[in-house]
1. List the pairs whose first member sits in the stretch 263-274 and is in contact (Cβ under 8 Å) with a residue 12 or more places away in the chain, whose second member is among the polar types (S, T, N, Q), and whose Cβ atoms are under 7 Å apart, counting only residues at least 6 apart or on separate chains?
2. Going through the stretch 87-111 one residue at a time, which ones are over 21 Å from Trp190 (Cα atoms) and in a helix (DSSP H, G or I)?
3. What are the residues in the stretch 239-266 that are within 28 Å of Val211 (Cα to Cα) and surrounded by 19 or more Cβ atoms within 10 Å (Cβ to Cβ), if any?
4. I'd like the full set of residues that are assigned to a helix (DSSP H, G or I) and closer than 20 Å to Gln28 by Cα, limited to the stretch 66-84.
5. For residues in the stretch 52-82 being among the aliphatic types (A, V, I, L, M) and over 21 Å from the mean Cα position of the chain (by Cα), which is surrounded by the fewest Cβ atoms within 10 Å (Cβ to Cβ)?
6. In the stretch 73-122, how many are basic (Lys, Arg) and closer than 24 Å to Leu134 by Cβ?
7. Among the listed residues Leu230, Leu270, identify the single one that is surrounded by fewer than 20 Cβ atoms within 10 Å (Cβ to Cβ), at pLDDT 95 or above and either in contact with a strand residue (DSSP E or B) (Cβ under 6 Å, 6 or more places away or on another chain) or not β-branched (Val, Ile, Thr) (or both).
8. Mind telling me which of the residues Val179, Val85 ends up being within 21 Å of the chain's Cα centre (by Cα) and at pLDDT 95 or above?
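The values are calculated or read from the model by the stated rules, or taken from the named source; none is laboratory data. What you are looking at is a predicted structure, and each value in this text was computed from that prediction instead of being measured. Note that each Cβ is placed from the backbone with ideal geometry, even for glycine, and that neighbours are counted across all protein chains shown.
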Amino acid sequence: MRARLEAAAPERGFPALLYEFLLFGFKQGWACLFGGLMLALLLATHLWWPADAPVARYDFLTVAALLIQIAMLAFRLETLEEAKVILAFHIVGTVMELFKTAHGSWEYREAGLLRIGDVPLFSGFMYAAVGSYLARVWRIFDFRFTSRAISGRMDTSAGSEIATDNGLPSRWATVALAVAIYVNFFAHHWLPDIRLGLFALTALLYGRTWVYYRPFRTHRRMPLLLGFLLVALFIWFAENIGTYAHAWSYPHQRHAWTVVPIAKLGAWYLLMIISFVLVERVHGREGPAGPVR
């Protein structure tokens with residue numbers, strides 16, 4: 001379906017721009033297939049799960065998430081290398097869940113057999129959904145990176161290319177940043193929270209980086225930091241849906257559901273850096289190729 005949509009030839013001008021915008025939305029939805037299916041399951045089971053069901057809701061969610069992951073590999077919606085990175089993100093998330101629930105940051109109220117301590121195993125798949133999205137969107141939109149905004153076109157018939165650099169910080173610096181972010185998620189319970197310093201370091205490392213993405217036939221561009229923020233914002237929206245569905249709850253939601261504080265957006269922003277560094281190990285680093293705008 002995506003190939004047929006990309007093969008279309010809309011008229012120039014506004015119809016072409018509208019078509020590209022709609023195709024952009026379709027491809028974004030396709031990229032977050034794992035996360036979208038998980039959210040749908042959270043809502044559906046919250047609304048219609050029988051109180052006397054022989055299987056706990058949390059256990060059903062765990063099995064369903066595992067089947068979704070297997071299906072995505074079987075239908076080649078993810079590569080094996082991408083799945084390895086997603087598994088790593090699953091483990092990273094589960095370890096953090098164990099720590100955070102033990103310290104009362106949030107809780108899982110329902111019973112179930114498929115769990116480690118107080119953490120049901122489906123929770124790790126929520127982190128894996130973030131990794132899955134980033135791995136798929138990187139490939140679907142043909143991400144390229146540069147340290148400056150460039151414009152121009154590539155003459156594919158002549159094989160010429162736009163001379164540019166990959167625009168990403170050195171790998172040792174990004175890995176060190178990701179480790180510092182992950183450690184701070186734990187350490188701030190005893191030591192000063194260095195979150196503001198991590199935001200500043202993120203801006204310092206990625207502030208010059210532009211990401212080029214191809215929604216249709218032409219690469220468009222945006223600052224990579226803006227891309228991180230937009231994805232973190234949508235994760236925050238998804239988290240509100242998850243807590244509304246009582247998949248997990250924060251202390252202030254114990255008696256009645258309320259919106260997740262916007263401050264959580266910062267945590268998801270930093271978590272995006274960890275996901276980006278992990279996925280980059282699979283997709284590598286390239287500069288933009290082809291028409292860019």
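1. Every condition considered, the pairs that remain are Ile273/Thr202.
2. Of the residues in the stretch 87-111, the ones over 21 Å from Trp190 (Cα atoms) are 87-91, 108-111.
Matches in the stretch 87-111: Leu87, Ala88, Phe89, His90, Ile91.
3. Once the filter is applied, which keeps residues that are within 28 Å of Val211 (Cα to Cα) and surrounded by 19 or more Cβ atoms within 10 Å (Cβ to Cβ), the stretch 239-266 yields only Glu239.
4. Within the stretch 66-84, the first condition is being assigned to a helix (DSSP H, G or I), and the residues that meet it are 66-74, 80-84.
Passing the criteria: Ile68, Gln69, Ala71, Met72, Leu73, Glu82, Ala83.
5. Ala74
6. Going through the stretch 73-122, the residues basic (Lys, Arg) turn out to be 76, 84, 100, 109, 115.
Narrowing further to those that are closer than 24 Å to Leu134 by Cβ: 76, 84, 100.
So the answer is 3.
7. Details: Leu270 fails: surrounded by fewer than 20 Cβ atoms within 10 Å (Cβ to Cβ).
Only one candidate qualifies: Leu230.
8. Checking each option against the conditions leaves just Val179.
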